[in-house]
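One structure is given below, encoded as structure tokens.
Every read-out reported here was derived from the displayed coordinates using simple, explicitly stated rules and does not represent laboratory data. These numbers come from a predicted model, not from an experiment. Heads up, the Cβs are rebuilt from the backbone with ideal geometry, glycines too, and the neighbour counts pull from every protein chain shown.
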Amino acid sequence: MVALLVAGTGMVLIPRDSGTPPPVSFSEAALTDASKETVGLLESAQALSAADGQSAKIPGLGDLVTLLTTHTRALMVPEDATGAVSTHPTPPATPATNTTSATPATRASLLEELAVSGRKRLAAAREADGGIARLLASVGTAQLLRAETLAAQWQLPLPGDPSADSKAPLPSTVPAATPTAAACPSVSPTPEPSSATTDAALAAAVRSQQEAVYAYQVALKRLDNSAGTAAARDLEVHVLLLRQAEALTRANCGDVPVSTAGYQLPDLFAKDPAAALAALETSSLPGLGDLVALSTGETRGWAVDGLLAAARRSLAWGAALPALPGLKLDAEGLPPLPAAGAASPPATPSADR
């Protein structure tokens with residue numbers, strides 16, 4: 001009888017809330033996991049720093065505490081505060097408390113946890129929703145590269161497989177050739193540079209690589225010895241990245257920006273070409289972060305790997321890497337950490353959430 005009544009009137013019966021919590025999205029789970037693990041890293045770094053005043057004895061430890069504090073605060077920010085484009089808002093992750101392990105932290109254990117955390121964040125960035133993906137990619141890049149830096153400073157091996165972290169953004173081959181008209185029935189017009197679309201982000205990536213190729217060609221004539229060798233190697237990388245960015249643009253049914261004959265480079269290229277290349281690589285990070293947030297699939301993977309590689313090149317040329325590479329976020333505007341001992345919601349989703 002109820003079924004007939006519903007069918008005849010077009011009404012929809014909404015069952016009572018069974019008390020079962022809604023399923024947790026991948027993005028929410030990844031953000032919560034990142035927050036919890038980063039809090040644990042911060043506590044381990046603080047404990048190691050406090051042990052007999054080690055912060056003054058261990059190079060880089062104080063800077064690591066500062067970095068992890070920024071990451072912990074950033075992971076408390078809701079998705080839209082990081083320039084999110086996803087339509088699935090996620091509540092802010094709240095740092096966990098009392099996560100410090102009973103085993104005292106050591107430089108080796110902290111290094112391992114930091115590298116593992118960085119790789120996990122980068123892996124999750126490939127699947128998460130837009131704004132959260134960008135945040136995870138930024139945090140993961142900074143943590144993994146800081147682990148590499150500290151491994152060198154502390155003369156300890158980097159845990160895991162470092163070769164997997166330095167792989168090219170894509171294999172040496174470029175993606176499939178330009179799709180046919182049937183595959184792209186409605187090719188989008190050339191996007192506005194300021195529009196937040198995948199097409200616009202890809203177009204910006206192409207233009208960035210075009211400029212990088214030109215800049216490296218100019219710098220190569222002014223660099224000698226090992227710096228010249230490094231510039232020649234990076235020039236080859238950017239030539240490949242340009243082909244890949246162009247191919248990805250076509251695969252996404254976008255228009256490839258036309259290259260220009262030359263670019264107006266800063267005076268720094270004449271005075272200090274190495275510093276100019278460092279600034280060039282660093283300036284590419286926000287655009288790659290945009291592409292992470294605005295893309296999916298193969299393009300997203302290319303952008304995540306490209307962000308890590310560009311940040312690594314920035315460091316190699318002597319740049320100071322920002323705490324959140326690829327994110328235009330003022331660290332001063334982040335929320336403060338909860339006061340010690342203050343009550344906070346659970347770090348993992350609960351049934352009454």
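Ranking HIS71, HIS238 by Cβ neighbours within 10 Å, fewest first, what do you get?
Neighbour counts put them in this order, fewest first: HIS238, HIS71.
Using r as the Cβ-Cβ distance of LYS328 and THR103, and R0 as 35 Å, what FRET efficiency do you calculate, to the nearest 0.05?
0.35
Let's test the formula: R0 of 35 Å, r as the Cβ-Cβ distance of LEU337 and ALA196. What FRET efficiency results, to the nearest 0.05?
0.70
Taking the number of other C-beta atoms within 10 Å as the exposure measure, put VAL206, VAL292 in order starting with the fewest.
Going from least to most buried by this count: VAL206, VAL292.
Please compute the net charge surrounding HIS238, taking Lys and Arg as +1 and Asp and Glu as -1 over other residues with Cβ under 12 Å from its Cβ.
Residues near HIS238 contribute -1 overall.
So, in nm, how far is label GLU127 from label GLN153 when the simple model puts each one 7 Å beyond its Cα toward the Cβ?
Here the modelled spin labels are 3.3 nm apart.
Based only on other Cβ atoms within 10 Å, what is the fewest-to-most ordering of LYS36, LYS328?
LYS328, LYS36
Quote to one decimal, in nm, the extra length available between ALA316 and ASP272 on full extension: 0.36 nm per residue of separation minus the C-alpha distance between them.
Stretched fully, the ALA316-ASP272 segment lengthens by 14.4 nm.
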